[in-house]
Amino acid sequence: MTALIEARDLTKKYGAQLALDRANFSVETGRIVGLIGPNGAGKTSALRAILGLTAYEGRLRVLNREPFRERTELMRDACFIADVAVLPAWLRVDQAIDFVAGVHPRFRRDRAMALLAKTQITGKRRMRELSKGMKTQVHLALTMAIDAKLLVLDEPTLGLDILARRAFYDALVNDYMDETRTILITTHQVEEVENLLTDVLFIDKGRIVLDSSLDDIGTRYAAVAVAADRVEAARAEKPFFERRMLGKVVLYYEQPNLEKLAGFGEVHTPSVADLFVAKLSGAVE
Amino acid sequence: MNTTIWLVRREFWENRAIWMMPAIIGGLMILAALFGSVDLMASATQLPSRAVGQLFFVTVGATFFAVMSIYSTWYLLDCLYSDRKDRSVLFWKSMPISDTRTVMSKLATALIVIPLVYFAAANLTTLLMGFIISVRAISSVGGALWHVDLWLQTQALWLYLILTAAVWYLPIAAYLLVVSAWAKRAVMLWSIMPPLACIIAERWLFGTQVIAQRLGERLMGLPRVAFNAKLGSWVSAGVDTNTFTTPANLWSFIDLRGFLANAETTIGAALGVALIGCAIQLRIRRTEI
């Protein structure tokens, strides 16, 4: 299996500020990867670099191309929604479909029409007349109708209500995803995507702090809820983060000794959201 | 090629003024022909019929072209800027279309497509007006408007002007695109500031006005470069004697070879190409405001 995205020492500076600081990561074909990080961590810079929208330092290959230099070619095989509501206000829905059908060799009009048929949106509406959620639906329909190898989504469901969000993720997994495709997704709603991700990349201060498949998280990390009187003993096992919860203390361990930990309390695999909080807050403490 | 056509079509969707403005001007002119008095025209009837016809063609055409030059300037300043302002650039850049093609499509829209739309509108208006005035038959003007050879000659003249203007104004159009791709706000102001600053600095430092002069020559100099000396002598003769005579052949003014051989044309075009390169690089690098 070859890496679809390969970044080595990926660096992006804005003046003196480092948005990406020698970030290393790779994404393989057929995965659904969540790029997760706090605001200002470098998520957007990483996505912009991958999509060829910005110059960068270091080595970056996407679909065996150099994104910034070969954006046009890359966009035949990769598509993206880089932000919500970027479809221009004057554009009509049918014009948007005609345009993409006209310029994109991998666009399937029937698919876009089928996706739009599930919504309340008609072809003659202009973007300025649509709500933020409807605009997002149009953009998603356009993007998901492209037979791309790589789909990049930056906060794709922002502004959508819970029903539309569920419908979107269901469609993404059931109708869109197959083993030839790869999806890279950023979102603040970690809980919502947790079940569909195969891999996570945690990014903080421009660096990748965790690069793991969901399966590996179960073997690499463990959390134990410990009663107050046994915390000291549990701390001896070197947790990297702890937090109080309902009179107990939850301790997080990397490369855990599961047998020992079982003696302190109930051991479980932390959720992606919990692990994210633990990883990023832990670094501070 | 197909992609370029879609890009131009998209410009029509975004800028409906491209066809609405000439349609409105044409509509107003036709209304004037339908209901207005033709006194102005009648006073010109002392002139020979061909001269009246020619005045008519040139006046209608010039009105359209004057509006067009203002609109095209605004269009060039706005086109790349508005993509960034509403962030739709993130959508356009998700398509497999190079920034070079995008910038070139906007340039072609401004220098070729919009002039052709105005050309078509001016033609339609002239024909309809001529027809209406003839039918109303208020004066002898009507008949004066139907000189097929004159009409054909004016067509050739306008097309020649569109072609030469596209080359002559290339550096200005490309400069406007650079501003449009670069400025974070107030494109109009940013387009005026640098040349103005240069002019003032030059006067202040050297006491000369070379830049102002060059700029003026570029803005006003197209007729001088695109047409031969016969045009000048014809115009001044007409002004001197206060009569308006029609040259036998308008085509005789056209001087394409002279235009292309002119150093000013070549230098301007070279500068234009360099500035287009700048605009493309800015479009590649400046995604958002």
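The values are calculated or read from the model by the stated rules, or taken from the named source; none is laboratory data. As the structure is a computational prediction, the values presented were derived from the model and not from experiment. We place every Cβ from the backbone using ideal geometry, glycine too, and count neighbours over all the protein chains shown.
For the range A:211-230, what are the residues that are surrounded by fewer than 20 Cβ atoms within 10 Å (Cβ to Cβ), of a type in the set (A, V, I, L, M, F, W, C) and touching a helix residue (DSSP H, G or I) at 6+ places or on another chain (Cβ under 9 Å)? Before you say what the answer is, go through the steps one by one.
In the first step, residues of the range A:211-230 are kept if they are surrounded by fewer than 20 Cβ atoms within 10 Å (Cβ to Cβ); the result is A:211-220, A:225, A:227-230.
Those still in the list that are of a type in the set (A, V, I, L, M, F, W, C) too: A:214, A:217, A:225, A:227-228.
A:Leu214, A:Ile217 - these are the residues of the range A:211-230 that are surrounded by fewer than 20 Cβ atoms within 10 Å (Cβ to Cβ), of a type in the set (A, V, I, L, M, F, W, C) and touching a helix residue (DSSP H, G or I) at 6+ places or on another chain (Cβ under 9 Å).
Filter the range B:67-114 down to the residues that are over 15 Å from B:Ala174 (Cα atoms), within 14 Å of chain A (Cβ to nearest Cβ) and among the hydroxyl-bearing types (Ser, Thr, Tyr), then identify the one that is nearest to the chain's Cα centre (by Cα).
To start, the set of residues in the range B:67-114 that are over 15 Å from B:Ala174 (Cα atoms) comprises B:67-68, B:70-71, B:82-98, B:113-114.
Going one step further and asking which of them are within 14 Å of chain A (Cβ to nearest Cβ), we end up with B:82-98.
Next cut, among the hydroxyl-bearing types (Ser, Thr, Tyr) only: B:82, B:88, B:94, B:98.
Numbers: B:Ser82: 22, B:Ser88: 28, B:Ser94: 33, B:Ser98: 27 Å.
By that ranking, first place goes to B:Ser82.
A:Asp98 versus (1) surrounded by fewer than 21 Cβ atoms within 10 Å (Cβ to Cβ); (2) touching a Ser or Thr at 6+ places or on another chain (Cβ under 7 Å): which is the lone unmet condition?
(2)
List pairs: first residue in the range A:257-281 and farther than 22 Å from A:Ser212 by Cα and assigned by TED's automatic domain parsing to the domain that holds A:Ala222, second residue of a type outside the set (Phe, Trp, Tyr) and in a helix (DSSP H, G or I) anywhere in the structure, Cβ distance under 6 angstrom, at least six positions apart or on different chains.
Partner pairs satisfying both residue conditions: A:Phe264/A:Arg230; A:Phe264/A:Ala234.
So, of the residues in the range B:94-116 that are free of Cβ contacts under 8 Å to residues at least 40 places away in the same chain and out of contact with any Phe, Trp or Tyr (no Cβ under 6 Å at 6 or more places or on another chain), which turns out to be nearest to B:Cys79 (Cα to Cα)?
Of all residues in the range B:94-116, those free of Cβ contacts under 8 Å to residues at least 40 places away in the same chain come to B:94-96, B:98.
From the residues that got through so far, the ones that are out of contact with any Phe, Trp or Tyr (no Cβ under 6 Å at 6 or more places or on another chain) too are B:95-96, B:98.
Values: B:Met95: 18, B:Pro96: 19, B:Ser98: 16 Å.
Across the range B:94-116, the extreme among qualifying residues is B:Ser98.
For the range A:71-109, enumerate the residues that are at the interface with chain B (Cβ under 10 Å from one of its Cβ atoms), closer than 16 Å to B:Pro96 by Cβ and part of a loop (DSSP other than H, G, I, E, B).
Selection gives A:Ala82, A:His104, A:Pro105, A:Arg106.
From the list A:Asp211, A:Asp215, exactly one residue is under 20 Å from the mean Cα position of the chain (by Cα), of a type in the set (Asp, Glu) and in a strand (DSSP E or B). Which is it? Please lay out each step first, then the result.
Details: A:Asp215 fails: in a strand (DSSP E or B).
Residue meeting the stated conditions: A:Asp211.
Which one is surrounded by the fewest Cβ atoms within 10 Å (Cβ to Cβ), of the residues in the range B:182-237 that are under 30 Å from B:Tyr160 (Cα atoms) and among the aromatic types (Phe, Trp, Tyr)? Walk me through how you get there before you give the answer.
Pass one, the range B:182-237, residues under 30 Å from B:Tyr160 (Cα atoms): B:188, B:191-192, B:195, B:210-237.
The next check asks that each one be among the aromatic types (Phe, Trp, Tyr); those that pass are B:227, B:234.
Working: B:Phe227: 24, B:Trp234: 18.
Taking the candidates together, the pick is B:Trp234.
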